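The values are calculated or read from the model by the stated rules, or taken from the named source; none is laboratory data. Keep in mind it's a predicted model, so treat the numbers as computed, not measured. Please note: Cβ atoms are built from the backbone with ideal geometry, for glycine as well, and neighbour counts cover all protein chains shown. Calculation scope for accessible area: heavy atoms of the full protein, side chains included, ligands and nucleic acids excluded. Shrake-Rupley method; radii C 1.70, N 1.55, O 1.52, S 1.80 Å.
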Amino acid sequence: MAGEKKKKERNTFINGTVWWKYVISFIAVIIYLLPIWVVFVVATKPLGDNSTRLMITSGLFFGNFEKALFRGNMLNAIKNSAIITLGVTVLEVVLSAFAAYPLSRNRSRLNKFVKAAILAVMMIPGLSIVVGVYMELVAFHMISTYWGIIIITAAFGLPMCIYLYSNFITTIPSSLDEAAAIDGAGAAQTFFRILLPQLKPVTVTVIIMRGIGAWNEYMYSLYILQKPAMWNVSVTIKSFFSENLSDWGAAAAAAFLAIVPVIVIYLFLQKYFIQGQLDSAVKG
Amino acid sequence: MKKRNRRMNLFYIPAVILLLMFIAYPFAQAIRVSFFNWNGYSQNMKFIGIDNYVKMMKDKRFWMAFRNTLVYGFGSTILQNVMGLSFALLVNSRFKGNNVVRTIVYMPIMISSLIMGFIMRFFFTFDNGVLNDIIGWFGKDPVDWLADGTRGVIIITLINSWHYMGSCMIIYLAGLQGIPSMYYEAAAIDGVSKWNSFRYITLPMLIPSIQTAVIVNLIGGLKVYEGVVALTNGGPVFRTHSIMSYVSNQYFDQERAGLAAAIGIFNFIFIMIVSTIGNNLFAKKEVEL
């Protein structure tokens, strides 16, 4: 009885002071949405309109979007980014699902070493080996090709995908595998018939996370995609912000066009993103 | 069974080949180049031993970039963890709209640091910048925010912390939801104060989450690149470079491939040391508790 009473008191205590939670939440939401709002406002202002970037002052002007899409190459950039994103995710899903199978099912000493070596790649900050990567791509004539950027992006993302897949496969009981083996199924057959159909959840996570990563890729794109016709979204936006710095409207429109698709996808598939965030938080 | 296992291992061959060709080999090349004097494209490569590393050690701009990287890394880690934990506690408590807060705070992570850096220019420019508009309401004169290197470093740190705070929040939120509610109930029955139940139940139970969040943020912060490039491009006069942006500046703009490779290798080793120390530190903490 006494405990019950205390609990009730505690609840009213919480309810009584709940207003500050709304105040903090309201401020946080404003601060987090403001940048997106400002980009939109700037994108709808004609050139030379120097009114405040916080408010739409003289109606919506959509000329900047037209400029960004057609004259500023954004349409082509979106196409390039889509191709690169597709290439990277397909390559990573296939290679990492394959690789994770022996690494999590056959834990020999050799495989433990292979797995540790693969995970160590995650520690390499992308640009620290840019000199070597760039030399190699020049030698292979892969500068300004889709394959060049796809392979490099995929290679840097692969360890994380292998990590996610092998963690997931470890949670699937191996009794079915063993039963299949006793019935005479080979390693390949076991993978394709037994394991593969169960990998859907982790595959969704990997596609979503790496899809966003590939869409946003910039570090290597800047150096690999040198021909303007090959520029992806990030490099194109960079050109807007460095060349015609006076044309803030067109630059904002380009940035807005790049972030809208990812935000829409995020709002619909939120829970997968959050799952991905949790699964990929590696300690070191 | 043995033969079956060997067949199974064939499945990782493609991934291993890809990594060997496009990570391990360039890595070895970068180490090799770091011992040469080379501009990045000519046939003329001269072996100079550890001269690039000596040059790096004597380079004031490199040390500036290193110091900035420490601020970016450790500064954002502290801010993100404190704010992330606070927001996780807020969102975890029951009130209407807590899911909306979670969704919106996590949303900027979808936007790349590059684009976010560009967007932030709308806030920090002298003419017409949003921040100058806001301080103008209070009768303050406009400020040229990014003209000063030290202030630039602080601004980049704040933006980075704000941008990725949501990832910390999610890690802590998962940790909080993993704490059995009976501990709190028992504490409430015993009349334990709110602060004490946070100090003696929540915090110790969150140690694994803290470890994950700190290490993930630290490694992320020490690799800061795009945010710097987009907002200040290292300026004014090399005052806001991170190590990563300095590497790309030395390689592609100054054409010092050897020096750039040396700095890159240095950064890799530095990140490895930091994350190893971090992991060991937390490993001890876990035993103590």
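Only one of the numbered conditions (1) over 16 Å from the mean Cα position of the chain (by Cα); (2) open to solvent by 40 Å² or more (accessible area, probe 1.4 Å); (3) at the interface with another protein chain (Cβ under 10 Å from one of its Cβ atoms) is not met by A:Glu136, and that is (2). Of everything in region A:177-193 that is more than 10 Å from chain B (Cβ to nearest Cβ) and hydrophobic (A, V, I, L, M, F, W, C), the residue that is least open to solvent (accessible area, probe 1.4 Å) is A:Ala180. Restricting A:Leu95, A:Leu127 to residues that are at the interface with another protein chain (Cβ under 10 Å from one of its Cβ atoms), touching a residue at least 60 places away in the same chain (Cβ under 8 Å) and over 29 Å from B:Ala257 (Cβ atoms) narrows the list to A:Leu95.
Across region A:98-124, the qualifying residues are those that are more than 7 Å from chain B (Cβ to nearest Cβ) and buried (at least 20 other Cβ atoms within 10 Å of the Cβ), and the one among them that is farthest from A:Leu195 (Cα to Cα) is A:Lys115. When B:Ala187, B:Ala88 are screened for being more than 10 Å from chain A (Cβ to nearest Cβ) and closer than 20 Å to A:Val29 by Cα, only B:Ala88 passes.
In the set A:Ser174, A:Ser144, A:Ser221, only one residue is over 20 Å from the mean Cα position of the chain (by Cα) and under 30 Å from A:Ala252 (Cα atoms); that residue is A:Ser144. Sub-9 Å Cβ pairs linking a first residue in region A:52-69 that is within 14 Å of chain B (Cβ to nearest Cβ) and touching a residue at least 24 places away in the same chain (Cβ under 8 Å) to a second residue that is assigned to a helix (DSSP H, G or I) and of a type in the set (Ser, Thr, Tyr), at least 6 apart or interchain, are A:Ala68/A:Thr236, ordered by first then second residue. In region A:94-195, counting only helices (runs of 4 or more DSSP H) that sit wholly within it, the ones holding 1 or more residues that are at pLDDT 90 or above and either at positive phi or of a type in the set (A, V, I, L, M, F, W, C) (or both) span A:109-120, A:130-139, A:146-171. Across region A:203-220, the number of residues qualifying as open to solvent by less than 20 Å² (accessible area, probe 1.4 Å), under 13 Å from A:Phe156 (Cα atoms) and in a helix (DSSP H, G or I) comes to 1. For region B:83-116, the set of residues classified as under 15 Å from the mean Cα position of the chain (by Cα) and open to solvent by 10 Å² or more (accessible area, probe 1.4 Å) consists of B:Ile109, B:Ser113, listed by residue number.
Every residue, every condition in (1) closer than 28 Å to A:Ile237 by Cβ; (2) in a helix (DSSP H, G or I); (3) open to solvent by 10 Å² or more (accessible area, probe 1.4 Å), yes or no:
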| position | (1), (2), (3) |
| --- | --- |
| B:Trp195 | no, yes, yes |
| B:Pro208 | no, yes, yes |
| B:Ile215 | no, yes, no |
| B:Gly220 | yes, yes, yes |
| B:Pro236 | yes, no, yes |
| B:Phe252 | yes, yes, yes |
| B:Gly258 | no, yes, no |
| B:Ala262 | no, yes, no |
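Checking each residue in region B:260-279 for being closer than 12 Å to B:Leu222 by Cβ and more than 9 Å from every other protein chain (Cβ to nearest Cβ) picks out B:Ile269, B:Phe270, B:Ile273, B:Val274. With the condition kept exactly as written, say whether any residue in region B:32-54 is touching a Ser or Thr at 6+ places or on another chain (Cβ under 9 Å) and touching a residue at least 60 places away in the same chain (Cβ under 8 Å). Within region B:32-54 (the criterion being touching a Ser or Thr at 6+ places or on another chain (Cβ under 9 Å) and touching a residue at least 60 places away in the same chain (Cβ under 8 Å)), the answer is yes, since at least one residue qualifies. Every condition in (1) under 29 Å from B:Leu222 (Cα atoms); (2) within 12 Å of another protein chain (Cβ to nearest Cβ); (3) in contact (Cβ under 8 Å) with a residue 60 or more places away in the chain is met by B:Ala15 except one, and the failing one is (3).
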